[in-house]
Each structure stands twice: as structure tokens, then as C-alpha cells.
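Accompanying notes for the structure given below.
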Amino acid sequence: MQFSKPLRNRKKTIIRQYTLGWMAGLIFLVFIRSVGTVEVSRFNPSLDVAIFFAGLLGGFFGMISGYFQFLLEEKIYRQTSIKKLLIIKGVYLLAFVVAMIFVAYLMSVHILKFEIGLWEFATDAGSGVVYLYIIVFDLFMLVLRQVNLMLGEGNLTKLLMGEFYEPHEEERIFMFLDLQSSTQLAEKLGHITYSNLIQDCFYDLGVVLAYEAEIYQYVGDEAILTWPTPAGIRNNNCLKAFYAFQHQIELRKEHYEKAYGIVPSFKAGVNLGKVTTTEVGKYKREIAYHGDTLNTAARIQAKCNELEKPLLVSQHLKDRILGRKFVFHFMGEMPLKGKEEAVAIYAVEPAS
């Protein structure tokens, strides 16, 4: 199966996470079964040998589990019902456990020269606890993956390390992305169908990850994207992401026309500046960005309809863009709601 470069990079990330996770999980299992306890199984190699094979087994099946998770997210999730998803996951988990038993048996017989039949090995004393551990650990990895996706790729580790505990200032790029004519569409389609449309659009928004974007928040029919300034400026990522999203929707034009009778279009405002980054909330924690940079980006996006332009940026951002792949049209210095000083705004379009 062939994947684009961004998807290949995403696949590598997920596989790496699962490989390291399963290696750590099986090595931990060896420790709790070997240190300070009496092993009831007849298969009882030395601790160093057990750790080596646990790491080997965890690495091999971690790669398989990571690849399956990647396919689940990219190729299956939005293509089937939740009932079928659960069935697929259940069948996979059963096959995963059986395959792990078989490979562990082959390693035991052919490498460690342990003389035992396959059925005896599979039903050896204490094996039931091991199988339960494997199932629970797989679910743990799945939950961890979902939490990681909810916080944004890579932010879970930062959150656990306390990087957001104390507020700190940093420079970032923000894009406020909003669905055109959302009120009319909601009235025309009805709430349920309209919600399905938003789901589809934001699923397609995943293409922006290939341009180093972080999806900060979904607010109704609006999405807020952000980049650390170097990542957003590099290769014009913060502008390319918008056009990549447009292109993705165009590729699925037939789907949108058939399902909703329209092809959605989006408008966006982009700004660059200093923000305060911190962790907020007691019972529902999330990473939050505060500052005038976000307010300005939101106000710029609100000017898209008035100026009849799909993508507007501030001069702060325009002055940092490198290369000649985009053309900027000065739209004037405009007063924005909530700001005393006018802001220079530019419309953007790809260079021909």
C-alpha cells in the first residue's frame, strides 16, 4: 500500500510510539513476574534472557500494532460504523494474542530449546494472567493514543513533564479557519446533517498535519490551527496548509455533493505574535494560549466576507514569509473590533 510522504511520516511516528510502548510493557511484565515473586510457569528463563526476549517480542508486535493503529485512523475510522470498528478491533486483538503466543512458542522451542507442545505452552500455569495483561495493555495503548490525539500530537509528553504548568511566553502563528455561509447551511441541512458535514470537513482537515500544524481547538464550525513560528514559516507551511485543505475538499467534491448537496468552502485569518502558553483547568485540563495575537487573527478572519477574500494575513506574518510562491495584495490598514490601532491586512493567493 502506497502513502504520501506526510502519511509515511505519520505512520513512522505511530509505529515508533507503539514499538517503544510494547517493548516497555512486556519488559515490565517480566520484572513483575520475576522479581520478588515465585514463577508458577514451567517456562522460567533467567531474568536477562527473559528481558531480551520480551524486548524482541515487544518490538516486533509493537510495530504490527502501530501499523494497524495507523490504518485504523487513516483508512478505516471514517469509512465504517462504530459497531464494525469494535468488531474489527476485537478480531484484531484476538489474532494479535494468538500470533504473540505462537511466536513466543517458536522462540522458546527453537532458540531456548524448551521442550513443550504448543497447547501445553499456551495453557501453562499463569498464562491466563499474561493474556489478560496483553489485552489490558493494548487497551491502555489505545486510550493513550486517543488522549495524545485530543491534546495534539506530542503535547501529552510535554504536559506530563510539566512544561505547561507555569505560564511562559512564546512566539506563534495562529490561523482561524471558518466555514463559509455556516448559518445558511445549518438551516438548509438541519442540525444532524450539518454536524455530519462538519465532521467530514474536520476529518479532511487532517491534511494540515503534513505542514507541521497543530490543531489547537474546534469551536463549532471553526478550527484554530497553530504553529511555533519556525515551523510555520518553514517552507511557507502556514499558508500551504490552507491550500492543502482546500485541495483535499476538492478531491472529495463528489462525496460532499452526494451527501450534502454542496461543496464546503472555508475562509481563514492568520497572524503571528507573542502569546502566553499554559495549562488550565482542574477537572478538565487543556493547553491554552492567551494574548492579543489570537484576538487579532480572529478579527482578520472576520474581514474575509467583507473583502471577499478566502485567506487574509497580518503584515506581521507577511513580513516573515520567505520565497515567491505566494502573492500578497495589500487590502489596507483596517480598524478591527476591540483594537485601538488599525492593522495592515493582506490577501494571499498562490503565485501563478
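The values are calculated or read from the model by the stated rules, or taken from the named source; none is laboratory data. Predicted model only: the values in this text are computed from it and were never measured. Counting neighbours? That spans all protein chains shown, and the Cβs are built from the backbone with ideal geometry, glycine included. Side chains are part of the model used for accessible areas, which takes the heavy atoms of the whole protein and leaves out ligands, DNA and RNA. Shrake-Rupley method; radii C 1.70, N 1.55, O 1.52, S 1.80 Å.
Summary table below
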{"read-out": "Flag for Lys258 being of a type in the set (Lys, Arg) and assigned to a helix (DSSP H, G or I)", "value": "yes"}
{"read-out": "Residue within the range 196-210 that is at positive phi, surrounded by fewer than 18 Cβ atoms within 10 Å (Cβ to Cβ) and at pLDDT below 90 present", "value": "no"}
{"read-out": "Flag for Phe174 being touching a Ser or Thr at 6+ places or on another chain (Cβ under 7 Å) and open to solvent by less than 20 Å² (accessible area, probe 1.4 Å)", "value": "yes"}
{"read-out": "Yes/no for Ile345 being at pLDDT 90 or above, over 30 Å from Lys188 (Cβ atoms), in contact with a Ser or Thr (Cβ under 7 Å, 6 or more places away or on another chain) and of a type in the set (A, V, I, L, M, F, W, C)", "value": "yes"}
{"read-out": "Flag for Gly291 being in contact with a Gly (Cβ under 9 Å, 6 or more places away or on another chain) and on the phi > 0 side of the Ramachandran plot", "value": "yes"}
{"read-out": "Test: residue in the range 308-326 that is among the small types (Gly, Ala, Ser) and at pLDDT 90 or above", "value": "yes"}
{"read-out": "Failed item in (1) surrounded by 13 or more Cβ atoms within 10 Å (Cβ to Cβ); (2) modelled with pLDDT under 80; (3) of a type in the set (S, T, N, Q), with Gln2 passing the rest", "value": "(1)"}
{"read-out": "Qualifying residue in the range 241-253 (condition: surrounded by fewer than 19 Cβ atoms within 10 Å (Cβ to Cβ), under 25 Å from Ala186 (Cα atoms) and among the basic types (Lys, Arg))", "value": "yes"}
{"read-out": "Pick from the range 307-333, criterion charged (D, E, K, R) and more than 24 Å from Gln217 (Cβ to Cβ), ranking: least open to solvent (accessible area, probe 1.4 Å)", "value": "Lys318"}
{"read-out": "Residues (surrounded by 15 or more Cβ atoms within 10 Å (Cβ to Cβ) and either touching a Gly at 6+ places or on another chain (Cβ under 8 Å) or not β-branched (Val, Ile, Thr) (or both)) located in the range 256-279", "value": "Tyr256, Tyr260, Pro264, Phe266, Lys267, Ala268, Gly269, Asn271, Leu272, Gly273, Val275, Glu279"}
{"read-out": "Among residues of the range 115-129, those that are touching a residue at least 60 places away in the same chain (Cβ under 8 Å) and either open to solvent by 50 Å² or more (accessible area, probe 1.4 Å) or not aromatic (Phe, Trp, Tyr) (or both), counted", "value": "5"}
{"read-out": "Some residue of the range 292-303 being exposed (fewer than 12 other Cβ atoms within 10 Å of the Cβ) and not β-branched (Val, Ile, Thr)", "value": "no"}
{"read-out": "Qualifying residues in the range 334-345 (those that are within 21 Å of Ile224 (Cβ to Cβ) and either of a type in the set (D, E, K, R) or in contact with a His (Cβ under 6 Å, 6 or more places away or on another chain) (or both)) - the one surrounded by the fewest Cβ atoms within 10 Å (Cβ to Cβ)", "value": "Lys337"}
{"read-out": "Output for the range 217-239, where each listed residue is touching a residue at least 40 places away in the same chain (Cβ under 8 Å) and open to solvent by 20 Å² or more (accessible area, probe 1.4 Å)", "value": "Asp221, Glu222, Pro228, Ile233"}
{"read-out": "Any pair with Cβ under 8 angstrom, 6 or more apart, that starts in the range 266-280 at a residue that is part of a strand (DSSP E or B) and ends at one that is among the small types (Gly, Ala, Ser) and open to solvent by 10 Å² or more (accessible area, probe 1.4 Å)", "value": "Gly269/Ala298; Gly269/Ala302; Gly273/Gly291; Lys274/Gly291; Val275/Gly291; Thr276/Gly291"}
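Results for (1) surrounded by fewer than 18 Cβ atoms within 10 Å (Cβ to Cβ); (2) at pLDDT below 85; (3) charged (D, E, K, R), shown as yes or no for each residue.
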residue: Arg8; (1), (2), (3): yes, yes, yes
residue: Arg16; (1), (2), (3): yes, no, yes
residue: Met23; (1), (2), (3): no, no, no
residue: Ser41; (1), (2), (3): yes, yes, no
residue: Met63; (1), (2), (3): yes, no, no
